[in-house]
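**Q** The structure follows.
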Amino acid sequence: MNIFKFGGASVNSADGVRNFVKIVQSYREETIIVLSAMGKTTNALEEIVEAFFNKNDQDSKLLAVKQYHLSIVNELFPKKEDAVYEKIEVLFNQLSQYLEKEPSLCFEFEYDQIVSFGELISTTIVSEFLRLSGRPNKWVDIRTCLKTDDTYKEGRIDWKLSEKLVSQTFSFNSTFVYITQGFIGGTKTNQTTTLGREGSDYSAAILSYILDADKLAIWKDVPGIMNADPKWLPDAQKLERITYQEAIELAFYGAKVIHPKTIQPIKKKKIPLQVRSFLDLNESGTLISTASKKLDYLLPVYIQKKDQVLISIRPIDFSFILEEKLSSLFSLFAKHRVKVNLIQNSAISFSVCVDNSDRRLKELIEEISIDFEVKYNDDLELITIRHHNQEAVERMTKGREILLEQRSRDTAQFVLV
Ligand SMILES: Nc1ncnc2c1ncn2[C@@H]1O[C@H](COP(=O)(O)OP(=O)(O)O)[C@@H](O)[C@H]1O
Ligand SMILES: N[C@@H](CC(=O)OP(=O)(O)O)C(=O)O
């Protein structure tokens, strides 16, 4: 059985959906398709969440999201009596009714209830179009079987319960093709959760693990995993084959092409993962698997993270930064769920480079400032080079101010102004 994950970029237009159907039609094996919201819908829904809390402009924002989806539906389904129209109307009505109520005090909870509609809508449209194109399939509401705790916005998987329910749900008793949502899940009490932005890759990996998939393919708008984002460095080259370990490292350092949590589940069961192009079906993509002789290890890989903040922290009483202080500092980062990208400590100060995650970071800095003197620079860039050499380092740093630098055998990192 194959598991395919298609992201928002692959189905951002009617032509995209047609191309998706063409790909699915070319496979005859049992297949589960995990799909994200269309195009930039999740960003648009995030704006609606903000508007919901601030009670401004939410109706016009919702209308724009509806019109975007209807323009795709109108192009794909010429018959206005097609069931898809009613299904989409029901979903938009549910969302619109939800937005009429007063928000609760939990931003994260409300976020998940609203943002999850992107995937519910996209999967409904695509499932109906696949059926219309002559490929019967079953639409699954993943919230009924992919179970998480109630950490809204970053639901943690309840593996035991999910294993049982997912195996029951995807039995292939009456269909060859399932279509379901990435990114979203449900609690035991059936509240909707999300798994973190760009989490659909992770959803596909979880299903692959639970169902012992033969292969997971993640379809992207690039030929595969490259040694840099080709939108940033146009001379980037494709990596033919990399190990799970290397893929984890690349994702961890911020290579946007794959969600960092994706590799762990498939590595455990040695399920091969192919990252391949939905634009060029002759392109073999990148194969992520166990080590073999033919690995593109030594090509330098460049990873750029923008909008970074470098925070320097020192105890107000100039005491040494020792284990106890470090542990209390780390627990604050964990509490505010701010991901640390780089750490450097000296006798009396401690520097960390983090993503600029607006409200969480502000709250973290406020809390740290109670016991520590905090200074920070924002709008920085963190460049990571895996398998660095002199030429690669010069390419990245020439003519730039380096605020912090760290090198290990495999990895060099630079915080640049
Ligand atoms: N090392 C890399 N190799 C390939 N693509 C990369 C890399 N780093 C970043 N990207 C970017 O990742 C994008 C694909 O990921 P994403 O937009 O999240 O896809 P999707 O929405 O389909 O999940 C590419 O368009 C590319 O710009
Ligand atoms: N729609 C969600 C989940 C996701 O993974 O999307 P994509 O596959 O388009 O990156 C998001 O944008 O975060």
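What follows draws every value from the coordinates through simple rules; no lab data is involved. As the structure is a prediction and not an experimental result, all values here were calculated from the model. A quick note on method: Cβ atoms are made from the backbone with ideal geometry, for glycine too, and the neighbour counts reach across all protein chains shown.
**Q** For the chain, place one equal point scatterer on every Cα, skip the solvent, and apply the Debye formula. What is log10 of I(q)/I(0) at q = 0.07, 0.09, 0.11 Å⁻¹?
**A** So the normalised log intensities work out to -0.37, -0.62, -0.92.
**Q** OK, next. Below 19 Å, Cα to Cα, which lysines can Lys22 reach? Residues fewer than 8 away in the same chain don't count.
**A** Within the straight-line limit of under 19 Å, Lys22 reaches these lysines: Lys5, Lys138, Lys220.
**Q** Quick one: angle between helix 58-76 and the longest Cα principal axis of the chain, in degrees between 0 and 90, rounded to 10, please.
**A** 50 degrees
**Q** Follow-up question, since we're still on this one. Please tell me the relative contact order of the chain in percent, rounded to the nearest whole number, where contacts are Cα pairs under 8 Å and at least six residues apart.
**A** So the answer I get is 13 percent.
**Q** Using a/c under 1.5 as the rounded threshold, could you call segment 73-202 rounded, prolate or oblate? The axes a ≥ b ≥ c are square roots of the C-alpha gyration tensor eigenvalues, and prolate needs a/b larger than b/c, oblate otherwise.
**A** Oblate, since a/c reaches 1.5 and b/c is not below a/b.
**Q** How far is helix 14-25 tilted off the main Cα axis of the chain, in degrees rounded to 10, range 0 to 90?
**A** Approximately 80 degrees, to the nearest ten.
**Q** Rounded to the nearest 0.05, what FRET efficiency do Glu29 and Asp221 give with R0 = 25 Å and r taken as the Cβ-Cβ distance? Could you check? Write down the numbers at each step before the final one.
**A** Values: r = 24 Å, r/R0 = 0.96.
Taking R0 as 25 Å, the efficiency between Glu29 and Asp221 is 0.55.
**Q** When ranked by the protection proxy of mean other Cβ atoms within 10 Å per residue, highest first, what sequence do the peptides 55-66, 207-218, 300-311 form?
**A** Going from most to least packed, we get 207-218, 300-311, 55-66.
**Q** Specify the angular offset, from 0 to 90 degrees and rounded to the nearest 10, of the alpha carbon long axis of helix 41-54 from the longest principal axis of the alpha carbons in the chain.
**A** 70 degrees
**Q** When the Karplus curve 6.51 cos²θ - 1.76 cosθ + 1.60 is applied with θ = phi - 60°, which whole-Hz ³J(HN,Hα) does each residue of segment 390-401 get, with x for Gly and Pro?
**A** 4, 4, 5, 5, 4, 4, 7, 10, 3, x, 10, 7
**Q** Which of rounded, prolate or oblate describes segment 2-220 when judged by the alpha-carbon gyration tensor and an a/c cut-off of 1.5? Each step should come with its number before you reach the end.
**A** Values: a/c = 1.91, a/b = 1.15, b/c = 1.66.
Oblate, since a/c reaches 1.5 and b/c is not below a/b.
**Q** Measuring from centroid to centroid over Cα atoms, what is the spacing of segment 188-267 and segment 338-364 in Å?
**A** 25 Å
**Q** Next question. In whole Å, what three semi-axes, largest first, describe the equivalent ellipsoid of segment 15-77 built from its Cα gyration tensor (square root of 5 times each eigenvalue)?
**A** Details: eigenvalues 198, 40, 9 Å².
Equivalent ellipsoid semi-axes, largest first: 31, 14, 7 Å.
**Q** Here is a follow-up. Given the peptides 273-283, 370-380, arrange them by the average over their residues of other C-beta atoms within 10 Å, most packed first. It would help to have the intermediate numbers written out before the result.
**A** Details: 273-283: 17.9, 370-380: 14.6.
Put in order of decreasing packing, that is 273-283, 370-380.
**Q** What's the percent breakdown of Cα-Cα distances in segment 38-125 across 5 Å bins, shortest bin first?
**A** Distribution as computed: 3, 14, 28, 24, 16, 9, 4, 2, 0 percent.
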